[in-house]
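Here's the structure we're looking at; comments come further down.
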Amino acid sequence: MLNHKSILATVLSLGLTACSVGPRYKQPTLVLPQQFTAPDTATVDVSPHADASDPEFWHSFNDPELSSLVQHALTANNDLRAALAHYDSANALLREAKFDRYPTVTMSTSVGRQKFSADQAFGYPRNNRFFNPEINASWELDFFGRVRHNIEAQRQLALADASSLAAIQVTVVGEVASTYIDLRGRQELLRIARENVKNEQKTVRLVDAAYSAGRGTEFDTARARALLETTTSRIPELLSTIALDEHRLAVLCGLPPDAFVSQLEVARPLPDLPDRIDPGTPADLIRRRPDVSASEERLHAATERIGIATADLFPRVNYAGLLGFNELHGDTPFDGVSAVNLAALNIDWSFLDRGRVRARIAASQADGDAQLAQYQQSVLLALEDVENALVSYARSQQRDVQLQLAAKDGKRAADLASVRFRNGATGLLDLLDAQRVELQAEDAYAESHSNSALSAVLLYKSLAGGWPQHPPAPKGGRP
């Protein structure tokens with residue numbers, strides 16, 4: 001029969017020959033294009049304010065109020081606070097997992113009084129007082145890497161939560177910038193509408209005067225008023241949209257919806273747009289996108305969980321120890337203090353239930369396959385985001401140029417039509433048509449210019465702009 005020394009020798013020899021089981025993580029091989037294929041991305045001019053690798057992209061818009069809102073959101077946004085709390089939680093679980101490398105020591109104490117009747121104590125009734133303090137220790141010997149795989153899995157999950165925090169930073173900054181630009185764009189549309197209302201009111205007065213003088217018809221006045229009322233009807237909708245944007249910006253900054261109303265109701269022009277934005281290369285993008293990093297870190301954690309499940313095919317060995325004493329006082333000759341100690345080697349033989357173990361291994365492998373597919377999909381989605389954003393930004397700038405010319409020509413035509421109408425050289429229909437074309441052209445340019453700014457934000461967001469790349473340190477330190 002084997003004694004405890006031979007058992008220990010056998011276990012140690014197993015540990016030397018099988019230090020860790022399960023697969024080792026290898027970064028998946030990616031086949032990436034050399035550059036993006038969207039318009040004008042191969043020969044972009046890199047300027048100091050148009051580099052997508054600059055995380056604080058909002059400074060390229062040269063708008064101090066936008067920069068202030070972004071900084072406020074980064075410090076007070078509730079979604080970011082929740083993400084940071086999740087990161088703190090994951091980091092705490094990692095610290096807990098690291099303690100599995102060391103013995104677990106606990107202490108227990110029993111204090112009490114016990115009374116035995118004559119029937120219970122062989123005809124000699126007695127009272128006993130006892131005091132039994134004990135120190136217990138147990139230590140899993142990680143021969144097959146279960147503990148190491150678990151620690152690494154928790155480490156990767158903590159890193160994934162850090163990357164998710166960064167991804168939320170990108171989202172929050174992008175939403176703040178988009179909402180602010182939409183606000184300024186709507187305010188510009190409101191200015192145009194009000195300006196056109198004034199011009200059309202002048203036209204109505206001219207038509208009314210001509211009708212009163214017998215040089216017009218009631219049809220002319222009705223048509224002029226219809227155009228005025230149509231233009232005026234746009235103002236309430238724009239005011240409503242502006243209010244919604246003001247409320248959204250306040251909530252993004254962790255404040256009540258009306259916090260910024262008085263500050264933002266003062267209209268300002270749209271922020272400056274960078275002429276060109278350097279997207280870098282697809283390889284740079286994959287390294288920079290935090291959502292891709294989070295997906296890869298979860299894939300790494302899934303690989304480590306396969307190792308945890310595989311380790312259950314082998315025995316789990318624990319050393320256990322107990323140290324204490326038993327103090328007994330009573331009316332018997334067996335009073336006194338006696339030492340209590342125990343040392344044992346425990347082997348968990350549940351690995352013999354191989355059917356269940358292999359089922360768990362198969363499940364963890366399937367989870368790993370799912371995480372791999374999600375990682376590959378996250379890479380494709382990142383590339384798609386950038387390609388789409390590059391196309392949108394390039395085409396919106398081209399559209400801006402044409403619509404700006406159309407707006408200038410529309411205003412010139414409306415001015416000329418007004419002069420000609422006053423001089424009697426043209427009819428009311430030409431004047432009203434010219435004013436309608438002017439309003440449409442100015443609206444189209446203002447909306448297109450706003451969309452160009454939104455496209456720039458979308459491009460920066462797809463390139464992971466807005467991520468400080470230094471997430472706040474979790475409570476208790478970094479993993």
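The values are calculated or read from the model by the stated rules, or taken from the named source; none is laboratory data. Values in this document were obtained by computation on a predicted structure and should not be read as measured data. Every residue, glycine as well, gets a Cβ built from its backbone with ideal geometry; the counts of neighbours run over all protein chains shown. Areas reflect the complete protein model, heavy atoms only, side chains present, ligands, DNA and RNA absent. Shrake-Rupley method; radii C 1.70, N 1.55, O 1.52, S 1.80 Å.
When the test is whether a residue is modelled with pLDDT under 85, in a helix (DSSP H, G or I) and closer than 22 Å to TYR180 by Cβ, ASP443 passes it.
Cβ-Cβ contacts under 8 Å between residues 6 or more apart (or on different chains), taken from a first residue in region 441-467 that is in contact (Cβ under 8 Å) with a residue 24 or more places away in the chain and of a type in the set (S, T, N, Q) to a second residue that is surrounded by fewer than 24 Cβ atoms within 10 Å (Cβ to Cβ) and outside any helix (DSSP H, G or I), are listed as SER450/LEU270; SER452/LEU273. Of the residues making up region 456-479, those that are open to solvent by less than 10 Å² (accessible area, probe 1.4 Å) and modelled with pLDDT of 80 or more are ALA456, VAL457, LEU459, TYR460, SER462, LEU463, ALA464. If the condition is being acidic (Asp, Glu) and at pLDDT 90 or above, then region 119-169 contributes GLU152, ASP161. Scanning region 70-109 for residues that are surrounded by fewer than 13 Cβ atoms within 10 Å (Cβ to Cβ), small (Gly, Ala, Ser) and in contact (Cβ under 8 Å) with a residue 24 or more places away in the chain yields one hit, SER108.
Just checking, how many residues over region 20-54 are at pLDDT 60 or above and in contact with a helix residue (DSSP H, G or I) (Cβ under 9 Å, 6 or more places away or on another chain)?
First, pick out the residues of region 20-54 that are at pLDDT 60 or above: 20-39.
After this cut, where a residue has to be in contact with a helix residue (DSSP H, G or I) (Cβ under 9 Å, 6 or more places away or on another chain) as well, the list is 20-28, 30, 32-39.
Looking only at that region, the number is 18.
Among the residues of region 391-428, how many are without any contact (Cβ under 8 Å) to a residue 24 or more places away in the chain, surrounded by fewer than 15 Cβ atoms within 10 Å (Cβ to Cβ) and over 14 Å from ILE192 (Cα atoms)? Residues in region 391-428 being without any contact (Cβ under 8 Å) to a residue 24 or more places away in the chain, surrounded by fewer than 15 Cβ atoms within 10 Å (Cβ to Cβ) and over 14 Å from ILE192 (Cα atoms): 11 in total. Residues in region 207-243 that are surrounded by 17 or more Cβ atoms within 10 Å (Cβ to Cβ), aliphatic (A, V, I, L, M) and at pLDDT below 90: VAL207, ALA210, ALA224, LEU227, LEU228.
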